[in-house]
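I have placed the structure first, in the form of structure tokens, so that the comments after it can refer back to it.
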Amino acid sequence: MRKAVSTLALLALAGLVVSCASAPVTPAEQAATTGPEWEIELAGARVDTMTSASLNQLKSDEKAGYGPVSFERKGESTDYLALPLSYLVGIVDGGDAGWPFSFNVEAWNEGYDVTLTAADGYAVTFSTAEVAADALYLADVTADQATLPRIVGDVPGNLQIRDLVAIELSLGDAAATEEFTLELEINGEVSAFTREELEMMPFYTEAVGSYTTSAGTTHTHRYGGVKFAELLKSYVPLSEENTVTVAAMDGYEMSYSGAELMDESDGSWILAFKSDGEYLPLDPGYVRSVKVGPSEPNIDGHSSARMIKRVIVSAESYRDFELVITGKMDNRLDRQTVQAGVSCHGRNIAYYNRKSEGVENYTGIPLWLLLAYGDDSLHAPHRQTDKEILSYKEDVAETGYTVEIVAADGYSIRLDSTELNKNDDVVIATMKEGDSLPEREWPMILVWDQDAELVPAGIKAVRNITQINLIFD
């Protein structure tokens with residue numbers, strides 16, 4: 001039987017409270033972030049994947065439910081770290097895919113077939129009507145040892161698939177579920193709109209717009225949607241200083257300033273849910289932000305957020321910033337590019353502040369990932385059309401070069417690339433305790449996890465970061 005797990009234990013695992021974050025790391029917690037790489041295909045009302053990397057990102061999110069469980073089989077109890085299978089099912093079961101993904105428990109109880117497939121081709125199919133929704137888990141740590149993903153739970157042994165590579169839902173009528181709604185959050189109050197309701201609004205428009213990805217691919221369509229700023233202004237006085245954040249179904253976030261959304265010099269920002277006369281599909285998302293107008297404006301791909309589920313208007317003043325990276329190639333990353341990197345590759349760490357003698361929780365992007373913007377004269381992240389060409393040059397990092405981190409006031413430190421290589425515990429953070437950085441640290445700060453396996457020599461916290469220089473001999 002499954003043993004009860006306390007909320008405190010789950011919070012400690014996720015590193016969400018200071019008192020628990022300062023506790024020693026258990027072998028199970030260490031194994032949870034250092035296991036083998038894997039990928040599971042998910043198929044149902046839509047297709048998606050769950051990878052070891054994406055699961056690692058979920059482990060710090062209490063809403064996902066990842067944590068310790070224990071099950072007894074043949075008289076022996078085994079401890080696991082695991083994610084409820086219902087979370088994975090919720091990604092592709094056709095329900096309202098908010099964040100976290102909404103699991104359609106009614107459809108599960110009504111019954112449909114689920115097929116679990118292992119790497120060796122072994123597969124088993126069961127009816128959800130015959131298995132409790134909370135009986136199954138996806139485990140990646142067994143008895144303190146990182147493992148390939150496996151199914152565990154209070155279920156027959158034939159369902160406890162090892163080395164899982166695919167989960168397929170045969171939904172049938174169960175796929176006809178709750179209609180998608182776009183959510184608007186202002187001062188904690190949430191309003192929801194169906195696409196049909198949005199289409200009836202007076203600020204619905206259709207026009208041509210495009211976005212160009214970092215790899216150079218341009219997507220041009222006649223988009224239909226509501227004017228972003230006009231929708232917001234119908235609910236709240238929108239100022240140029242407002243921060244407007246869009247949250248996607250997969251947890252990705254992007255922020256805009258009120259000034260940016262109200263600037264119609266070359267077109268209008270819209271929340272698009274139609275493309276060339278057809279509603280956008282669930283995959284890649286019902287709603288995306290894009291700019292349209294008679295001049296057929298084109299925007300950078302990272303500014304066009306997709307899979308938008310919620311729009312949040314904040315009283316916090318929007319401030320842009322720029323991170324300059326120099327090396328064999330020079331790049332300037334704006335706030336939205338950095339924010340996109342944190343959303344996709346975010347790492348939560350517990351940093352021990354020696355001055356305050358306390359533990360502070362930061363969220364950011366591992367420093368080594370940013371080195372890819374300057375370690376090659378030809379390739380930078382997402383810009384190569386040949387995806388087999390890796391932007392980050394690990395062989396160059398292992399050979400060794402100097403990484404200089406520079407603050408706005410000129411203060412700097414120098415680190416060795418060999419000690420930063422694939423070191424996820426050293427991050428350029430943009431958030432502290434789940435919120436924006438305080439003024440004395442904004443816009444970015446260099447910090448490292450108190451339990452880092454490797455702490456680079458000479459490292460110090462660098463606040464107000466503006467530049468990263470890669471220095472080669």
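The values are calculated or read from the model by the stated rules, or taken from the named source; none is laboratory data. Quick caveat: nothing in here was measured; it's all calculated off a predicted structure. Cβ atoms come from the backbone with ideal geometry, glycine included; neighbour counts cover every protein chain shown. Each accessible area value is taken on the protein alone, full model and side chains, heavy atoms only, with ligands, DNA and RNA left out. Shrake-Rupley method; radii C 1.70, N 1.55, O 1.52, S 1.80 Å.
List of remarks:
- Region 60-85, subset within 19 Å of the chain's Cα centre (by Cα) and open to solvent by 20 Å² or more (accessible area, probe 1.4 Å), residue modelled with the highest pLDDT: P84
- Taking the listed residues D283, D320, the one that is modelled with pLDDT under 90, within 24 Å of V427 (Cα to Cα) and either aromatic (F, W, Y) or open to solvent by 60 Å² or more (accessible area, probe 1.4 Å) (or both) is D320, with no other qualifying.
- Cβ-Cβ under 6 Å pairs, at least 6 apart or on other chains, region 114-135 side under 15 Å from N158 (Cβ atoms), far side part of a loop (DSSP other than H, G, I, E, B): L116/I161; A118/I161; A118/D163; S127/G111; A135/D154; A135/V155
- Per-region count, region 56-73, residues part of a helix (DSSP H, G or I) and either among the small types (G, A, S) or over 13 Å from Y87 (Cα atoms) (or both): 3
- Qualifying residue in region 374-386 (condition: more than 24 Å from K432 (Cα to Cα), open to solvent by less than 20 Å² (accessible area, probe 1.4 Å) and among the acidic types (D, E)): yes
- Among the residues listed as E230, E240, the single one being part of a helix (DSSP H, G or I) and open to solvent by 20 Å² or more (accessible area, probe 1.4 Å): E230
- Summed over region 249-283, the residues that are in a helix (DSSP H, G or I) and over 27 Å from the mean Cα position of the chain (by Cα) give a count of 1.
- Hits in region 366-386 - residues which are of a type in the set (A, V, I, L, M) and in contact with a Gly (Cβ under 9 Å, 6 or more places away or on another chain): L369, L370, L371, A380
- Filtering E41, E29 for residues that are open to solvent by 40 Å² or more (accessible area, probe 1.4 Å), assigned to a helix (DSSP H, G or I) and either modelled with pLDDT of 50 or more or touching an Asp or Glu at 6+ places or on another chain (Cβ under 6 Å) (or both) leaves a single hit, E29.
- Complete set of residues in region 396-435 that are open to solvent by 60 Å² or more (accessible area, probe 1.4 Å), farther than 17 Å from P456 by Cβ and part of a strand (DSSP E or B): M431, D435
- The criterion of at least 1 residues that are surrounded by fewer than 21 Cβ atoms within 10 Å (Cβ to Cβ) and among the acidic types (D, E) is met by the following strands (runs of 3 or more DSSP E) wholly inside region 329-370: 331-334, 358-366.
- Residue check, E106 open to solvent by 30 Å² or more (accessible area, probe 1.4 Å) and over 15 Å from Q160 (Cβ atoms): yes
- Of all residues in region 303-317 being under 16 Å from the mean Cα position of the chain (by Cα) and in a strand (DSSP E or B), the one that is surrounded by the fewest Cβ atoms within 10 Å (Cβ to Cβ): R310
- A192 open to solvent by 40 Å² or more (accessible area, probe 1.4 Å) and either polar (S, T, N, Q) or assigned to a strand (DSSP E or B) (or both): yes
- Checking the stated criteria, E441 turns out not to satisfy the condition of being assigned to a helix (DSSP H, G or I) and at pLDDT 95 or above.
- The sole residue among G258, G293, G277, G285 that is without any contact (Cβ under 8 Å) to a residue 40 or more places away in the chain and over 15 Å from A340 (Cα atoms) is G285.
- Taking region 111-167 as the range and being in a strand (DSSP E or B), among the small types (G, A, S) and surrounded by fewer than 15 Cβ atoms within 10 Å (Cβ to Cβ) as the test, the residues that pass are A123, S127.
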